[in-house]
Amino acid sequence: MVAEVIHDPAGLPTSEAARQAILARSAALGLSLAQAQRFAAALDGTDPHALLRVLGLDLSMLKPLRPRHWLWMAAQTSSVSYRDTLTPDAPLGALDDRKRQFRH
């Protein structure tokens, strides 16, 4: 069950504990609060929990979600048309190649 979080007009939860959790998580991710709010608005401007989702905070406990192996998950889902499973380095290498392509 998701705890009901009441937001002020700026989109921040009104409880002090929630505010502190958001500020701490933003800082841990190297984001200012304004940057996190812009990401949340871009994600879904109508979702009152968008800021928590962007910051990777559990909606009920306001604690960071457990780490996930995003590169491994990307490799597993993108390897459906290959004979063997891709390694987690394959998607990362593809991203690096794309970066180099756009620099020229």
Each residue of region 34-50 in turn: what ³J(HN,Hα) in whole Hz from Karplus with 6.51, -1.76, 1.60 and θ = phi - 60°, glycine and Pro shown as x?
4, 5, 4, 5, 5, 4, 5, 5, 5, 5, 6, x, 9, 8, x, 9, 4
For residue 73, what accessible surface area do you get with a 1.4 Å probe? Give it in Å², rounded to 10.
70
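Using a 1.4 Å probe, what is the accessible area per residue for region 16-102, in Å²? Show your work: numbers first, answer last.
Working: 6240 Å² over 87 residues.
With the other protein chains kept in place, region 16-102 gives 72 Å² per residue.
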How much solvent-accessible surface does residue 95 expose, in Å² to the nearest 10, with a 1.4 Å probe and all protein chains in place?
100
7 Å from Cα along Cα→Cβ at both residue 49 and residue 87: what's the point-to-point distance in nm?
3.8
Taking all protein chains as present, what is the carbon and sulfur share of the accessible area of region 16-102, in % to the nearest whole number, probe 1.4 Å?
59
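Which loop trypsin sites (Lys or Arg not before Pro) in region 15-73, with loop taken from DSSP, have no more than 16 other Cβ atoms within 10 angstrom of their Cβ? Walk me through the numbers before you get to the answer.
On the way: sites: 19, 25, 38, 53, 68; in loops: 68.
Loop-located and lightly packed - 68.
The values are calculated or read from the model by the stated rules, or taken from the named source; none is laboratory data. Because the structure is a prediction, the values reported are computed rather than measured. FYI the Cβ positions are ideal-geometry reconstructions off the backbone, even for glycines, and counts take in every protein chain you see. We work out accessible area using only protein heavy atoms, side chains counted, and drop any ligands, DNA or RNA first. Shrake-Rupley method; radii C 1.70, N 1.55, O 1.52, S 1.80 Å.
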